[in-house]
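J.: Pasting in a structure now, in structure tokens, and then I'll have a few things to ask.
The values are calculated or read from the model by the stated rules, or taken from the named source; none is laboratory data. What you see is a predicted model; the values in this text were computed from it and never measured. We place every Cβ from the backbone using ideal geometry, glycine too, and count neighbours over all the protein chains shown.
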Amino acid sequence: MSLRSSVWPPTQRQRVGVGLLIAFLLLSNPLYLPLLNLDLSSHTYSVEPVTVENDAIEVAGDSLWDQSVDGVACSGLRPTAACVSERERIQQGDLELNITETPVQIETRYAYHPIDGRPAYYRRTVDDSILPKTLLLEPVAPETVVESLAVSPDQISFRGRLALTFGWIQTDRPLRDANRLIDTDDGYMMVVETRRRSLSSGDTVEALISAVLVALGLLLFGKTYRQLPVKW
């Protein structure tokens, strides 16, 4: 049923419509505010090919800052205490680790533990999925790790797909698909961070501005609502 112009003149309808639109834009600011990069921070990523050379997973030479591969524990340059303990046990020839006695990791399916300087990858399994007591480590080829962990482009985020399309991307927040193995038509690829810049605390700045915009949106919405006619 259309409103009678005598009850609700066109000019009033226009003011209310514009007010509601602006209020909606203010209230929905968390959806677009991060894209404005108000704190001038940036993370630059490039797409690099992944290969297996000398029994090791290589990603465009030295592009990775910490050499880590998503899904492969202990592959970074700064291994955790659990990684160090696990590596020491493996170097002693022990591939069955008691979880209750040794600080080992069971969350990640694969692990990287070089032996005498030679790359080596292991598949992790547990003796019981509900109450595990023993972690079993099985040596696997790096090709197996890559094929098992690689995902298709449609399984990554929108920004990750943009990076694959253009070969690089710059965002104001870390990309959650970084260091992830991706199976593309051109082979295995990885989105790696090549440069980082931070000038202020982006989360604090954006959170404060977002809160102010939400408050303004609520005020405008209330003011616009009061302009609606009493009779329809």
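J.: If residue 125 meets every condition in (1) in a helix (DSSP H, G or I); (2) in contact with a Leu (Cβ under 9 Å, 6 or more places away or on another chain); (3) of a type in the set (Ser, Thr, Tyr) apart from one, which number is that one?
T.: Here residue 125 meets the rest and fails (1).
J.: Take the residues of the stretch 120-178 that are closer than 20 Å to residue 52 by Cβ and aromatic (Phe, Trp, Tyr): which is surrounded by the most Cβ atoms within 10 Å (Cβ to Cβ)?
T.: For the stretch 120-178, the residue satisfying everything is 121.
J.: Could you list, ordered by first residue, the pairs with Cβ atoms under 7 Å in which the first is in the stretch 171-185 and within 18 Å of residue 143 (Cβ to Cβ) and the second is among the aliphatic types (A, V, I, L, M) and in a loop (DSSP other than H, G, I, E, B), at least 6 apart or interchain?
T.: From residues that are within 18 Å of residue 143 (Cβ to Cβ), the pairs are 180/156; 181/150; 182/150; 182/156; 183/150.
J.: Is at least one residue of the stretch 86-101 surrounded by fewer than 16 Cβ atoms within 10 Å (Cβ to Cβ), assigned to a loop (DSSP other than H, G, I, E, B), touching a strand residue (DSSP E or B) at 6+ places or on another chain (Cβ under 6 Å) and modelled with pLDDT of 85 or more?
T.: Yes.
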